[in-house]
Amino acid sequence: MFLRHRGIGLGIVAVALSLAACGTSSGTGAGTGAGTGSGAGKPAAEAAKKAVAKGGEDFSTAAEKTAAMGTDAKPGEWPRTLTHAMGTTEIKAPPQRVVVLDVGELDNVVSLGIKPVGFAPSEGSPELPSYLKQDAGTPKHVGTINNLNLEAIAGLRPDLILGSQLRAADQYDALSKIAPTVFSIRPGFTWKENYLLNAAALDKTEEARAKLAEYERKVKALGAKLGDDKPVVSMVRFLPDGVIRLYANASFIGTILQDAGVPRPANQNIPDLATEVSAENIDQADADVVFTGVYGDPKATDKAAVQGNPLWKNLKAVKAGHAYEVPDETWYLGLGVTAAMEVVADLDRYLAG
């Protein structure tokens, strides 16, 4: 099975690595074979990444467009052709050696009983997420989400690669020469649609739908438990170089809070990923409850300075003892159904416990 990719030769690997090294691609037309699709040259790939990034022209429609992707193949039917963010890809047989290029894809495949052979963590959290360690096996690192190592990927002899246009559009053509490659549009608020797309590539759509239904039951139950007088929740995340974000509705955590019917401050109740504030106007983060996250090393952020600031100490939530630090790896980096259910459990403990 997968003779072209599982028996990948040095020639194909060399071509893929050459493309990555020089930053070019195989062109703009559709290719042929198990791992090909319609790719784009570097300028087009960069434009595609910008279009679906925060503030991009295609940002707001990413979930709707992803929902329209997938396959017409029936359960158990192989080969199957996937329509995805970069074109179409034929997968000849059930994948056995899956490489995932982001934590969302890692969460997705592990939740469906797949132990990937390789994964790309984020730069701020390079280890295998603790909440997935029990079921993920021992996947090899293949670089990071923003700096993929194509040689490491090829060396794992994958038969399926899962990633996203936002992270790696410029690497798509090289990756598709290594193995069939399926890309969502972007990670984040599209996590449910991405999950179903990944599941379609693995012929596990029914399992994914069941997991999403379980999540929906739990998050709706939380909303009902909190009743009509729900607290207003503010989401604050500290990032390196003094960046402070207030996460809004078009984010992973934003979708979960919306699903639970939890109200947000006006500056976060917007159809965007986040707004950014400075330490000097951290009072804009105020709400009944404040949840904080930290990306990477806390010492590389302004967290200590901000939380020592009188403006922070004067926040209503802080004075009431309702400011909580939560795990970044699930609340912000999880991007999948397993993380979402962890977040719902945390929200139950903090808001309804």
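The values are calculated or read from the model by the stated rules, or taken from the named source; none is laboratory data. What you are looking at is a predicted structure, and each value in this text was computed from that prediction instead of being measured. Don't worry about glycine lacking a Cβ; one is built from the backbone with ideal geometry, like all the others, and counts go over all protein chains shown. Only protein heavy atoms, including side chains, enter the accessible area calculation; ligands, DNA and RNA are left aside. Shrake-Rupley method; radii C 1.70, N 1.55, O 1.52, S 1.80 Å.
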Legend entry - Filter result for the condition that a residue is within 20 Å of V232 (Cα to Cα), modelled with pLDDT of 95 or more, in contact with a Gly (Cβ under 6 Å, 6 or more places away or on another chain) and outside any helix (DSSP H, G or I), over G321, G261, G293: G261
Inset, instruction - Please state which of the following conditions A174 fails to meet, knowing it meets all the rest: (1) among the aliphatic types (A, V, I, L, M); (2) open to solvent by 20 Å² or more (accessible area, probe 1.4 Å); (3) farther than 17 Å from T81 by Cα. - result: (2)
Inset, instruction - Could you give me the residue pairs with C-beta distances under 6 Å whose first residue belongs to region 190-215 and is more than 14 Å from G70 (Cβ to Cβ), whose second residue is of a type in the set (V, I, T) and part of a helix (DSSP H, G or I) wherever it lies, and which are 6+ apart or on separate chains? - result: K211/V337; Y215/V337
Inset, instruction - Looking only at region 338-352, decide whether some residue is in a loop (DSSP other than H, G, I, E, B) and crowded, with 18+ Cβ neighbours inside 10 Å. - result: no
Inset, instruction - Show the residue pairs that are 6+ apart or on different chains and have beta-carbon atoms under 8 Å apart, the first residue being within region 168-182 and at pLDDT 95 or above, the second being among the charged types (D, E, K, R) and assigned to a helix (DSSP H, G or I). - result: A169/E46; A169/K49; D170/K42; D170/E46; D170/K49
Legend entry - Long-range neighbours under 8 Å by Cβ, at least six apart or interchain, first residue buried (at least 18 other Cβ atoms within 10 Å of the Cβ) within region 317-329, second among the charged types (D, E, K, R): A317/D286; A317/D288; H322/D288; V326/D346; P327/E342; P327/D346; D328/R237
Legend entry - Hits in region 297-322 (condition: farther than 26 Å from P231 by Cα and of a type outside the set (A, V, I, L, M)): D297, P298, K299, T301, D302
Legend entry - Sole exception among (1) more than 16 Å from the chain's Cα centre (by Cα); (2) crowded, with 24+ Cβ neighbours inside 10 Å; (3) not aromatic (F, W, Y) for A152, by number: (2)
Legend entry - All helices (runs of 4 or more DSSP H) inside region 1-120 with 3 or more residues being open to solvent by less than 30 Å² (accessible area, probe 1.4 Å) and at pLDDT 95 or above: 62-67, 103-111
Legend entry - Conditions (1) open to solvent by 10 Å² or more (accessible area, probe 1.4 Å); (2) in contact with a strand residue (DSSP E or B) (Cβ under 8 Å, 6 or more places away or on another chain); (3) closer than 28 Å to A320 by Cα: number failed by A248: (1)
